[in-house]
Amino acid sequence: MILVFGGNGQLGQELTRFAAARDLPMHALPHGEADIADSSVVAAALARWKPELLVNAAAYTKVDLAETNIEEARKGNDIGPGVLASACAAVGIPMVHVSTDYVFDGSKPEPYRETDPVCPISVYGRSKVAGEEAVRGRLKHHVILRTAWVYSEYGHNFLKTILRLAETRDELPIVADQHGSPTSAREVAEAILHLAPLLMRDQKLSGTYHFTADGFTTWHGFASRVVEIAAPMTGGNPRVIPIATADYPTAAKRPANSRLDCRLFVEKFGFSPRHWTESVDATTRTLVAAKKRMPSHVA
Ligand SMILES: NC(=O)c1ccc[n+]([C@@H]2O[C@H](COP(=O)([O-])OP(=O)(O)OC[C@H]3O[C@@H](n4cnc5c(N)ncnc54)[C@H](OP(=O)(O)O)[C@@H]3O)[C@@H](O)[C@H]2O)c1
């Protein structure tokens, strides 16, 4: 069985949903039941569930707040992954740990390869780099999967924000000079559950991999696609206006280039991501349809 930490997050919920649909034995622990930085809680969970593989879907993902909540970010992204890796090493099981494009500074003109040196430009990015190092240092049998621009039907994310704003605004100014691949948490979950049995069988597959949806766009391109798909169903059709990062100041700096080269993952695990528009379109349609079914006082 697979034990998941961070069960209430976007990825945690998609892992649970995907495993249930495939009848795969999995148990997911939400933050409220298990803090990954608490070694006694983690050890007790492993003793109770006796997993064959652990997936760390937990993280402190509030990128701007991390600039001031440095200790919280450290707990979720650095200390926690280290605790999990040590616990896995103690019982002899592999771990899949999820990381981010924000380990890079975004200055490379091409998509990033796994061998490119990291150079984070935010507290969040630095804490994720430290977490990667903790996992590599404590557990040989692991996969670190870096992804980017994650959205889902759950939690807070860019796609849901755009859908909400599109209902009431005539114009949406959106950053058009940061490049990446909008990636559905569902597809990351699918990739993890695809690699899990392969990693369990073959320790030589251990290492760091990039996995995002196929193709690239900007936040402006992402928002435009959501509006285009939602408009015929909602009637809300704001003008999406391209702006520069400099015109949208945030507490944390973000890389201009978040594009990840995923060829190594495809080659080693035989799993190819779909084009980013496929899942963006499907998720947008699902969310709009769900909202329409809800009585207005609930929505
Ligand atoms: N979201 C993105 O755009 C994005 C992009 C690139 C990479 N990633 C990576 O993808 C992975 C999954 O992200 P996601 O989007 O699913 O994040 P998410 O929705 O924010 O979920 C993260 C979960 O981790 C929990 N958590 C935080 N600190 C914890 C701790 N110390 N112990 C246990 N649980 C803790 C959170 O609980 P609370 O809500 O209670 O704090 C939350 O349920 C993360 O590793 C993230 O860094 C995400």
**Complete:** Counting only residues 5 or more apart in sequence or on a different chain, those whose built amide H sits under 5 Å from that of Ser99 are Leu145, Arg146, Thr147
**Item:** DSSP bridge pairs, the chain: antiparallel proportion in percent, nearest 5
**Value:** 5
**Request:** Could you point to the residue in Asn69, His97, Val83 farthest towards the positive end of the range 68-137's charge dipole, with +1 and -1 charges on the Cβ of Lys/Arg and Asp/Glu respectively?
**Result:** Val83
**Item:** Whole-percent carbon and sulfur share, accessible surface of the range 236-299, 1.4 Å
**Value:** 54
**Request:** Please label the shape of the range 232-299 as rounded, prolate or oblate, based on the square roots a ≥ b ≥ c of the eigenvalues of the alpha-carbon gyration tensor (a/c under 1.5 means rounded; beyond that, a/b larger than b/c means prolate, else oblate).
**Result:** oblate
**Request:** Collect residues whose amide H, placed 1.01 Å from N in the peptide plane, falls under 5 Å from the amide H of Arg254; neighbours closer than 5 in sequence don't count.
**Result:** none
**Request:** List, in order, the whole-Hz ³J(HN,Hα) value for each residue of the range 259-270 obtained from phi through the Karplus relation with A = 6.51, B = -1.76, C = 1.60 and θ = phi - 60°; use x for Gly and Pro.
**Result:** 6, 10, 7, 9, 4, 5, 4, 4, 5, 7, 10, x
**Message:** Taking 0.36 nm per residue of sequence separation and subtracting the Cα-Cα distance, how much length would be gained by fully extending the chain between Ser272 and Met1, in nm to one decimal?
**Reply:** 95.1 nm
**Asked** Okay, helix-only estimate at 222 nm for the chain: each DSSP H run of n ≥ 4 adds -39500 (n - 2.57), divide by all residues, round to 500 deg cm²/dmol; what do you get?
**Response** -13500 deg cm²/dmol
**Item:** Amide H contacts of Asp214 (H built 1.01 Å from N, under 5 Å, at least 5 apart or other chain)
**Value:** Arg274, His275, Trp276
**Request:** Report the charge-dipole magnitude of the range 124-188 in Debye, nearest 20, computed about the Cα centre from +1 at each Lys and Arg Cβ and -1 at each Asp and Glu Cβ.
**Result:** 520
**Asked** Quick one: Karplus J couplings for the range 247-254, per residue in order, coefficients 6.51, -1.76, 1.60, θ = phi - 60°, nearest Hz, x for Gly and Pro?
**Response** 8, 9, x, 10, 4, 9, 6, 10
**Request:** Indicate the gyration tensor shape class of the range 147-299 (rounded, prolate or oblate), computed on the Cα atoms with a ≥ b ≥ c the square roots of the eigenvalues: a/c under 1.5 is rounded; otherwise a/b larger than b/c is prolate and the rest oblate.
**Result:** oblate
**Item:** Magnitude of the charge dipole, the range 16-87, Cβ model with Lys/Arg +1 and Asp/Glu -1, debye to 20
**Value:** 320
**Prompt:** How many percent of the accessible area of the range 163-209 is carbon or sulfur, using a 1.4 Å probe?
**Reply:** 48
**Item:** For the chain, average projected area of the Cα convex hull in nm²
**Value:** 15.3
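State the percentage of accessible surface on the range 64-116 attributable to carbon and sulfur atoms; use a 1.4 Å probe and exclude ligands, DNA and RNA.
54
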**Message:** If I take all pairs of Cα atoms in the range 46-88, what percentage of them are more than 12 Å from each other?
**Reply:** 63
**Message:** Is the C-alpha gyration tensor of the range 171-210 telling us rounded, prolate or oblate? Criteria: a/c under 1.5 is rounded; beyond that, a/b larger than b/c is prolate, otherwise oblate.
**Reply:** oblate
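With only Lys, Arg, Asp and Glu charged, each at its Cβ (+1 for the first two, -1 for the last two), find how big the charge dipole of the chain is about the Cα centre; round to the nearest 20 debye.
In debye, rounded to 20, the chain gives about 440.
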**Asked** Residues of the chain: accessible area per residue at 1.4 Å, in Å²?
**Response** 46
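The values are calculated or read from the model by the stated rules, or taken from the named source; none is laboratory data. The shown structure was predicted, so the numbers you read here are calculated from the model rather than taken from an experiment. Reconstructed Cβ throughout: ideal geometry from the backbone, glycine too, with neighbour counts over all protein chains shown. Protein only, heavy atoms only, side chains kept; ligands, DNA and RNA dropped before computing areas. Shrake-Rupley method; radii C 1.70, N 1.55, O 1.52, S 1.80 Å.
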